[in-house]
Amino acid sequence: MVTWIALAVLAQLISAGIVLVDKYVLVSHQHLGKPVVYAFYISIMSGFVLVLVPFGLISVPSFTLISLSLLASATFILSVLFLYTALKRGNASDAVPIVGAVSAVVTAHLAFVFLNQDLPRAFLPAFILLVIGTVLISHFKLTWNSLGLVVVSGVFFAASAVLIKLIFQETSFIDGFFWSRMTNVIGALFLLAVPANRKAIFHGYRASSHGMKWLVVSNKALGGVAAFLTLLAISMGSVTIVNALAGLQFVFLLSFAFFCARWFPGIFKGEIHKHQFPHQVYGILCIVGGLAALFLV
């Protein structure tokens, strides 16, 4: 149990840094700072798993495996689109905790229905803590539109996580990892099929500086590492607990944002504010407490 929890914690630490870099690009660089461009890069870079093919490690997938992988990719890409649309409009420290809270609750429900996992004994108090923490963190700063975006993103993240667990129950880790990543590439190609998306993606690539391209690609490669660690943790343990550990990302995120606000005040000043900081701390404590209650009680 210790191993897969440690993997999940490390993934959340990496993800917190990734979110802040993404926020920087989304706000400060109009060419690459579009949610659909980010969703495309995240999805297309999953194609790196093709390196596994020459080693003969991949088996021919069943219809069930392909169907689950396509659904997992569709829900994942949708979650990314909704999340990055919300990040572009607001602060990461407002949006990400709500996504995590919604994702944790929905994952517990879906795991109960589809994975035959019992609901945690402390589900109700945990749910109440998550709601209170969400209100405190959002500090009523999110518009109804932005709040809707992050809630829907959390639902899709949860659906994607549960589908990934179903994939690992259907096949080995290597096959599940490979086909769930390759269907992400298929999702990226579907994004290119829309003319407006294609224009934004290609224009963003051509109009951006070499350094900015490398920043985005490097950050997405690091995101791939975090995704691999998360998938490995899910395959080894409970998807509900892995998603609940997302609460740690909020702590890492607020800590990173505190230091980044000093170096890039124009980008991150909204993340840390002396009048809102106490609300954010109390909100994060409620959410972390709620998430901990999901699997510690």
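The values are calculated or read from the model by the stated rules, or taken from the named source; none is laboratory data. From a predicted model like this one, the values you see are computed outputs, not experimental measurements. Please note that ligands, DNA and RNA were not included when accessible areas were found on the heavy atoms of the full protein model with its side chains. Shrake-Rupley method; radii C 1.70, N 1.55, O 1.52, S 1.80 Å.
Results, tabulated for the structure shown:
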| read-out | value |
| --- | --- |
| Any hit, the range 154-170, residues being more than 21 Å from the chain's Cα centre (by Cα) and at pLDDT 85 or above | yes |
| Scan of the range 109-153 for residues that are modelled with pLDDT of 80 or more, open to solvent by less than 30 Å² (accessible area, probe 1.4 Å), part of a helix (DSSP H, G or I) and not polar (S, T, N, Q), ordered by number | 111, 149, 150 |
| The lone exception for residue 273 - which of (1) at pLDDT below 80; (2) open to solvent by 50 Å² or more (accessible area, probe 1.4 Å); (3) not in a loop (DSSP other than H, G, I, E, B) it fails | (3) |
